[in-house]
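Heads up, the thing below is written out as C-alpha cells.
Here, each number is a calculation from the coordinates, and none is a lab measurement. Worth saying up front: this structure is predicted, and the values here are computed from it rather than measured. Reconstructed Cβ throughout: ideal geometry from the backbone, glycine too, with neighbour counts over all protein chains shown.
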C-alpha cells in the first residue's frame with residue numbers, strides 16, 4: 001500500500017472537492033494558486049507531499065482551457081515535490097467530444113489532452129462518464145471511468161413513474177441508456193437524431209415504444225440542451241406522458257435554460273461534476289442536482305488500497 005493519502009483541489013470545482021473530502025474523511029491539503037499579471041498560472045504546495053499518495057481533484061470544465069492548464073501546472077508541482085503517486089481526479093473531461101476525425105483537417109483534441117496530462121507526470125486518472133469510451137485508449141497510464149447511473153437510478157426510483165421507459169436522445173448514446181435500463185430493469189428506446197450544426201439538432205423518429213409511458217431521457221452531458229429539448233418533443237409526439245431528463249455533466253451554457261423552459265421536460269436531473277454557473281437558480285425550470293462525491297470518494301479509497309473499482313457497479 002502507498003503511504004498516507006492526501007487530497008488537493010484546483011479551483012474548477014471546490015464544492016465537490018469539499019464533499020469528497022468529507023466522504024473520505026481526509027482534509028483538503030493546503031495549496032496556493034494564483035495568476036501572474038499576464039495571466040500565467042502559479043502554484044505552490046504549502047505542505048510536505050514527499051512519498052504521499054496524492055489525489056488531485058480538478059474537472060476541466062467549465063472554462064476548459066484555464067482549468068486544463070491549471071491542472072497541468074499542479075501535476076508538475078506535485079511531481080517535482082516527490083509525491084509517490086499522483087492521481088488526477090477529473091470528474092468532467094474536456095475535449096472528449098473531439099475523439100475522432102469526422103471531417104477533413106480537424107484535430108483529435110481528446111488525444112492531445114490525454115498526452116498533455118500524461119506528459120505532466122500523472123500516474124493515473126479517475127473520471128466520470130466519458131463522452132466517448134475510446135478516450136480511455138488515448139492514455140498509456142491507468143484510467144478508471146466511473147458511471148453515474150447508480151446515483152441517478154436511486155433518485156429515479158423515488159419519482160413513482162408510471163410505466164417508465166429509458167430513452168437515449170440519440171443512437172450514439174444507447175450504451176449509456178442501456179446500462180441505466182438494465183440496472184432499473186426497464187424498457188429501452190432511442191430517438192433517431194440528425195445533427196444540423198454544433199447548436200442545432202433534429203429528431204425524426206423513435207426506436208421503441210413510449211406511448212402512454214413516463215420517459216426518462218439519459219445523456220452524458222447537457223451543454224446547450226438542443227438534443228434533450230428535441231428528444232422531448234419527439235417522444236411527446238409519439239405519445240409519452242411526463243418527460244424527465246438525466247445528464248451527468250450539467251454544463252448549461254448559451255440557450256440551454258431557455259430551451260429547457262420551452263421543452264416538454266418536467267425536470268432535469270444533473271450531478272455536481274461541473275460546478276453551477278448560477279443559471280438554474282435564475283430560472284423557474286426544475287433542475288435537480290445530485291452529488292457524485294460518494295461515488296468518487298469510494299473510488300479514491302479503493303484506488304488507494306489497491307482494491308477493485310469496477311466492483312462498484314456490480
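Calculate the tail of P(r) for segment 1-128: the fraction of all Cα-Cα distances greater than 26 Å, expressed in %.
Tail of P(r) above 26 Å: 21 percent of Cα pairs.
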Length gained when the stretch residue 32-residue 302 is fully extended (0.36 nm per residue, less Cα-Cα span): 94.4 nm
Stretch gain in nm, segment residue 185-residue 65, where the contour uses 0.36 nm per residue and the Cα spacing is subtracted: 39.2 nm
GNM top mover of 25, 13, 65 - the chain, alpha-carbon springs below 10 Å: 25
Most mobile listed residue (61, 14, 235) in the chain, GNM with C-alpha springs under 10 Å: 14
Virtual spin-label span in nm between residue 310 and residue 155, 7 Å along Cα→Cβ: 2.8 nm
Value of [θ]222 nm, deg cm²/dmol, for the chain, DSSP H segments ≥ 4, -39500 (n - 2.57) each, nearest 500: -8500 deg cm²/dmol
Alpha carbon Rg of segment 149-291, scaled by the compact-globule rule 2.2 N^0.38 Å: 0.94
Computed Kirkwood radius, in angstrom, where 1/r is averaged over Cα pairs of the chain: 20.3 Å
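Kindly state, to the nearest 0.05, the FRET efficiency for residue 204 paired with residue 80, given R0 = 51 Å and r defined as their beta-carbon distance.
The formula returns an efficiency of 0.40 here.
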Gain upon complete extension [residue 109, residue 73; 0.36 nm per residue less C-alpha separation]: 11.1 nm
Rg over Rh [alpha-carbon atoms, Kirkwood Rh] for segment 244-314: 1.12
